[in-house]
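I have placed the structure first, in the form of structure tokens, so that the comments after it can refer back to it.
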Amino acid sequence: MKNIILVSLIVLCPLLGSTTAFAQCDSELYSNKALKALQAGFTFVKSYKIDGRNGVRKNIEYTCVFSKDTSYMIRMESKDGGPNGIVATLFDSNRQELATSHVNNRFFPGWTYKCKATGIYYLNFSFKDTNSYCGAAVLGFRR
């Protein structure tokens, strides 16, 4: 009996200790690259992790409060470099689209939006034409 338990432990211990490594989204690295793309005169507000968890999360949304007569700039960086594969879309409180980074099948590194009314806005990140579901974005403002 002791031999069976000992053999079982010898066989099972390596299996119990093994783990499968999953690729992680290093959003901090991409956030730093996106931050460098923020134009002069814009003040950094926040960075956003865009982690689609290998396609499981296709839409990632954040809520923002924007102020009237303030310009906001979003800049993105994907795991594949540049904005490719990531679409950033801004919606107002009525879910009307105000700006997007994907136009005519082209990916743009971001957009600038001049706010016309103080209120709650929705910043949505989605993925298109990519197998790489990782990146980051930064938001800046200028009055």
Can you find a residue in the range 114-127 that is touching a strand residue (DSSP E or B) at 6+ places or on another chain (Cβ under 9 Å), free of Cβ contacts under 8 Å to residues at least 24 places away in the same chain and either among the hydroxyl-bearing types (Ser, Thr, Tyr) or over 21 Å from Ser27 (Cβ atoms) (or both)? no
If Asn84 satisfies all but one of (1) of a type outside the set (Val, Ile, Thr); (2) more than 28 Å from Thr118 (Cα to Cα); (3) not in a loop (DSSP other than H, G, I, E, B), what's the number of the condition it fails? (3)
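Test Cys134 against the criterion of being at pLDDT 95 or above and crowded, with 17+ Cβ neighbours inside 10 Å, and give yes or no. Spell out how you get there, then give the answer.
Values: at pLDDT 95 or above: no; crowded, with 17+ Cβ neighbours inside 10 Å: yes.
So Cys134 fails the test.
Residues are listed down the side, and each one gets a yes or a no for (1) surrounded by 14 or more Cβ atoms within 10 Å (Cβ to Cβ); (2) touching a Ser or Thr at 6+ places or on another chain (Cβ under 8 Å); (3) closer than 15 Å to Gly140 by Cα:
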position: Cys64; (1), (2), (3): yes, no, yes
position: Ile86; (1), (2), (3): yes, yes, no
position: Val103; (1), (2), (3): no, no, no
position: Pro109; (1), (2), (3): yes, yes, yes
position: Tyr113; (1), (2), (3): yes, yes, yes
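The values are calculated or read from the model by the stated rules, or taken from the named source; none is laboratory data. All values reported here derive from a predicted model rather than from experimental measurement. Every residue, glycine as well, gets a Cβ built from its backbone with ideal geometry; the counts of neighbours run over all protein chains shown.
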